[in-house]
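Worksheet for the structure shown next.
The values are calculated or read from the model by the stated rules, or taken from the named source; none is laboratory data. No experiment lies behind these values; they were computed from the predicted model shown. Here the Cβ positions follow ideal geometry from the backbone for every residue, glycine too, while neighbour counts run over all protein chains shown.
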Amino acid sequence: MAAGRIIGIGLFLALSVPASAGAQCHLKGDFHGAVDQEGARAAVQRGDAAPFEQILKRARPQIEGEIVGQVLEQHRGAWLYEFRVVRGGHVQYLHFDARSGRRVEVASCGS
């Protein structure tokens, strides 16, 4: 039981600390939530977001590492696709505008 807690705490710390100067994370009050598949479909139908495959095609050449997750979410009213990327054993969160696929920087932790 104690080993599980230690592993959990280690994982939390690893994901909480930016992997590099380019790693980004959410600031308190900035994150408005990810949407599920139904919410993503509705966002695409409204024109708030392009289909995921279209954004992935534009974003992939800019991503170094293995994509291990993605989500459609809002930051301060802007729809973004967030890619969780593992590179060199570290997790990075890369954000792309959900309509254009343009890379977007989200404020760093501690700013």
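Highlighted here are the strands (runs of 3 or more DSSP E) found entirely within the range 37-103 that include at least 3 residues which are aromatic (Phe, Trp, Tyr) and surrounded by 14 or more Cβ atoms within 10 Å (Cβ to Cβ): 78-87. Only a single criterion out of (1) in contact with a Ser or Thr (Cβ under 9 Å, 6 or more places away or on another chain); (2) modelled with pLDDT under 90; (3) not hydroxyl-bearing (Ser, Thr, Tyr) is not satisfied by ALA14, namely (1).
Pairs linking a residue in the range 86-99 that is without any contact (Cβ under 8 Å) to a residue 12 or more places away in the chain and at positive phi to a residue that is of a type in the set (A, V, I, L, M) and surrounded by 18 or more Cβ atoms within 10 Å (Cβ to Cβ), with Cβ atoms under 9 Å and 6 or more positions apart or on different chains, are GLY89/ALA19.
Of ALA98, ALA78, ALA40, ALA34, all but one fail to be at pLDDT 95 or above and not aromatic (Phe, Trp, Tyr); the exception is ALA98. Taken as a whole, the structure leaves HIS26 outside the set of residues that are surrounded by 14 or more Cβ atoms within 10 Å (Cβ to Cβ), under 17 Å from SER100 (Cα atoms) and modelled with pLDDT under 95. Pairs linking a residue in the range 68-85 that is of a type in the set (Val, Ile, Thr) to a residue that is surrounded by fewer than 16 Cβ atoms within 10 Å (Cβ to Cβ) and part of a strand (DSSP E or B), with Cβ atoms under 9 Å and 6 or more positions apart or on different chains, are VAL68/VAL86; VAL71/ALA34; VAL85/GLU66; VAL85/ILE67; VAL85/VAL68; VAL85/GLY69.
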